[in-house]
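The values are calculated or read from the model by the stated rules, or taken from the named source; none is laboratory data. Being a predicted model, the structure only gives us computed values, none of them experimental. Cβ sites come from the backbone with ideal geometry, for glycine too, and all protein chains shown count toward neighbours. Just so you know, the surface numbers come from the protein's heavy atoms only, side chains and all, with ligands and any DNA or RNA stripped out. Shrake-Rupley method; radii C 1.70, N 1.55, O 1.52, S 1.80 Å.
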Amino acid sequence: MIIQSRWRVRPRFFVFLMTLIAILIWIIFGHAGFSHTPNTSQARPNLQAVHRASLPVRCLTHYPAFALPFPLKNIQGITVGNNILVAGTSQDNSHPQGVSYAISPGGLVQGPSLSLPPGGALLNSQNMIWWAGGSPHNTPSTTAINVQSHQTLSHFLPVALSNAGVAVTSRASFLVGGNSHGGFSARIYELSSANGTIQNWGLLPQAVKDPTVQVGNNMLVVAGGILPNGSMNSSVWIYQLSSHHLINTLQLPYGISGAQMVYLQHHFWLLGGETSPHHLLSTIWVITSHSLILTTAHLPTALTQFAAGIMNHQIWIIGGVTPGGPTATIRVLKLIVSAPHPQASS
């Protein structure tokens, strides 16, 4: 009887044990299999933020009673006090000629006529405005020219550089990317406004020339530009100023060049540009530390290769290239952010 009893119990215990093992295996491998799912679901909202989210913004445009003396493109502007200083080169009988202007809310004053190489960077150093680098005779240069006094410094930059992106603050100027003797650059330089010293600040993930750059809210934002293979860059790189660390990389739905970026109302605004020489943009994007948001507002016209600055809490758009060609028009934009509409979940 005892032997028969043992044989009746053991199969049940064996079945119970195998069932328990199967349940444990399902739990362990089931959870392990699903452990990758949150990463995928977390990536989707970021893509939706780039391609689907829309920020309601109204763009009010007015035109001052003055304009540039003639159409200009590939010019740069920086805000100094309550003025925007603009400089660049214009093509006169196929020869580049330097131009500079001081623009205030009340009018425009033409600056001195001087020789500025194309591809230079407009910088503020020791309370003076310099046109640094550029490509005289199609060769990158280290020289800088003082826009006010015509003073020339032959070794202003640590390396020969042209077509760098520029962001100017009261404390420092940043030169980002560009073209050097060794090809396209991924280097970021910081120029002290107080004493004019230049130091290496960081590196981009990849080399690029002519990116658009802006600083604000302890961030340095770099967008677009031309890559070494000739294509337009769709990446937006966001750095933390205090740590010099790259904290995020965002992707526009297309490559972009010739745009401008300003920091206003605690937002980075990416304005206009082009996806190809024949496809100009009037779009206005907002860039945050974690998303790209396409606004409902547009520039008054598709525009690229223009200058931009801030006066009286408004964005001044100066010159540039429209679908009809270069323009002398100055446009003043007031952007009004509305409360976002609730969006249905998809």
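Quick rundown of the values:
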{"item": "Single residue of GLY111, GLY177 found to be more than 29 Å from GLN240 (Cβ to Cβ), touching a Phe, Trp or Tyr at 6+ places or on another chain (Cβ under 8 Å) and not β-branched (Val, Ile, Thr)", "result": "GLY111"}
{"item": "Scope region 300-315; condition open to solvent by less than 10 Å² (accessible area, probe 1.4 Å) and over 28 Å from ILE247 (Cβ atoms); matching residues", "result": "LEU303, THR304, PHE306, ALA307, MET311"}
{"item": "In region 189-199, residue nearest to GLN126 (Cα to Cα) [restricted to those that are in contact (Cβ under 8 Å) with a residue 24 or more places away in the chain and in a strand (DSSP E or B)]", "result": "SER192"}
{"item": "Top-ranked residue of region 214-233 - restricted to ones that are assigned to a loop (DSSP other than H, G, I, E, B) and open to solvent by less than 30 Å² (accessible area, probe 1.4 Å), ranked as nearest to LEU292 (Cα to Cα)", "result": "GLY224"}
{"item": "Pick from region 118-156, criterion of a type in the set (A, V, I, L, M) and farther than 21 Å from SER170 by Cβ, ranking: least open to solvent (accessible area, probe 1.4 Å)", "result": "ILE145"}
{"item": "Filter result (within 13 Å of the chain's Cα centre (by Cα) and of a type in the set (S, T, N, Q)) within region 245-267", "result": "ASN248, THR249, GLN251, SER257, GLN260"}
{"item": "Qualifying residue in region 68-75 (condition: of a type in the set (Val, Ile, Thr), modelled with pLDDT under 95 and farther than 18 Å from MET311 by Cα)", "result": "no"}
{"item": "Unique match (being of a type in the set (Gly, Ala, Ser) and more than 14 Å from the chain's Cα centre (by Cα)) among GLY177, GLY165, GLY225, GLY230", "result": "GLY230"}
{"item": "Pick from region 257-290, criterion in contact with a Leu (Cβ under 7 Å, 6 or more places away or on another chain), outside any strand (DSSP E or B) and at negative phi, ranking: surrounded by the most Cβ atoms within 10 Å (Cβ to Cβ)", "result": "ALA259"}
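Table: residues versus (1) among the small types (Gly, Ala, Ser); (2) surrounded by fewer than 18 Cβ atoms within 10 Å (Cβ to Cβ).
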| position | (1), (2) |
| --- | --- |
| PHE66 | no, yes |
| ILE75 | no, no |
| GLY111 | yes, yes |
| LEU116 | no, no |
